[in-house]
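Let me begin by presenting the structure, written as structure tokens, before commenting on it.
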Amino acid sequence: MKRVIIGLSGGVDSSVAAYLLKEQGYEVIGLFMKNWHDDSVTISNECPWLDDSNDAMLVAEKLGIPFQTVDLSEQYKERIVDYMFHEYERGRTPNPDVLCNREIKFDVFMKIALDLGADYVATGHYCRKGTIHKEGKDIYQLLAGVDGNKDQSYFLCQLSQEQLAKSLFPIGELTKPQVREIATKLDLVTADKKDSQGLCFIGKVKLPDFLQQQLKPKEGVIVEISSDQSLYQVNTPDFNSEEEKLAFLSRKIEYKKDLGKIVGKHQGAHYFTKGQRKGLGVGGTVEPLFVIDTDVEENVIYTGQGKEHPGLYKKALFVSNDELHWVREDLALQTGETLAVKARIRYRQALENATLHKVDTGLYVSFENFQSAITEGQFVAWYLEDELVGSGVIA
């Protein structure tokens, strides 16, 4: 019997995943990851990790599998929380869920599991793993989950071949309703439990509240930029190369306060992200205001009216070499090569037609259609059919 250690989170997905592994004849051990217990930054009095670990324990008991808790909060603080604060200070918007998978679940946690003699690590993600044979060796594929509504392959876009080799995703072939149905039949305590919202470590806390504890509030102005501002009326120049054109399409517009009018105040540009509408607290405009850019150096938020504002839209983005990742290393592009793909710049976004262009310094992703709120620090992931083959941090 192969030994599988599953990350039991206290949710319905990992509960059913554990059951399915047991049915498939694996020796299954449940491990609950305690990722966060710094009371100095716990804002709500509720302590979700205690409830969750309790639910995970009850599920393990019901399924008759061994269970224990591992405390990874130190590594979590170092690799996720500190990184997030650093990114926000730079005016970028990180994705903690993608990082949590790369750094914690499939790295720190996986090493613990392998030390405990596990052959595989399993999670309750809605995605699938494929294996193909190429030039005499196994190559692992990260495939979208069958449930298009719940597919979580995007969150695993930074996994490596080594990590995939040791991973199992038991519920990838199922839909969410099927998972709930199995849990109900088994009378698991998690059967009707709501999906957890909020950061993958601080439970029910809203991100700005959390950030406020570390990044001190600092009053600044909110500037509204008109959609007919001359900035947007640029004539497309003649380009000497495709790379010049891509650099132009993915360029960052340099906003200045005198290009618009001051419409309000805020408590810190680093709390806001591109495309954000809530939390600005400015009324009296014909259409709602959206954040089109933030300047953390000058502490200014630039906004525009309506979700069609030209400041929100771009057709291309850039990923630098040091933040470029291929799940399928055998498909990595060489300088000068291009590849037609489907891509997304955020979880739940429908896949969009795009072309990858490899240049000396990194990779351009140019889209067929304009994309709204391309945000620095977030991940772009690209697919061939239903296989996620690579990803990168938007520069």
Taking L159, is it closer than 26 Å to E23 by Cα and either assigned by TED's automatic domain parsing to the domain that holds R328 or aliphatic (A, V, I, L, M) (or both)? no
For the stretch 286-344, which positions are within 22 Å of the chain's Cα centre (by Cα), in contact (Cβ under 8 Å) with a residue 60 or more places away in the chain and under 25 Å from G130 (Cβ atoms)? V319, L324, H325, W326, V327, R328, E329, R344
Residues (charged (D, E, K, R), out of contact with any strand residue (DSSP E or B) (no Cβ under 6 Å at 6 or more places or on another chain) and closer than 30 Å to E329 by Cβ) located in the stretch 146-198: D147, K150, E162, E173
Among strands (runs of 3 or more DSSP E) entirely inside the stretch 277-395, those with 3 or more residues being touching a helix residue (DSSP H, G or I) at 6+ places or on another chain (Cβ under 9 Å) are 289-295, 300-305, 313-320, 338-344, 362-372, 379-384, 387-393
So if I check each of F106, F155, which one is in a helix (DSSP H, G or I), aromatic (F, W, Y) and in contact with a Leu (Cβ under 8 Å, 6 or more places away or on another chain)? F106
Looking at D55, D97, D71, D82, which is the one that is crowded, with 21+ Cβ neighbours inside 10 Å and charged (D, E, K, R)? D55
Taking only pairs six or more apart or across chains, which ones have beta-carbon atoms under 8 Å, a first residue in the stretch 179-192 that is more than 13 Å from D55 (Cβ to Cβ) and in the same structural domain as V16 (by TED's automatic domain parsing), and a second residue that is hydroxyl-bearing (S, T, Y) and surrounded by 15 or more Cβ atoms within 10 Å (Cβ to Cβ)? I182/Y19; L186/Y19
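The values are calculated or read from the model by the stated rules, or taken from the named source; none is laboratory data. Keep in mind the model is a prediction, meaning the values are calculated, not measured. Here Cβ is always computed from backbone atoms with ideal geometry, including for glycine, and neighbour counts include all displayed protein chains.
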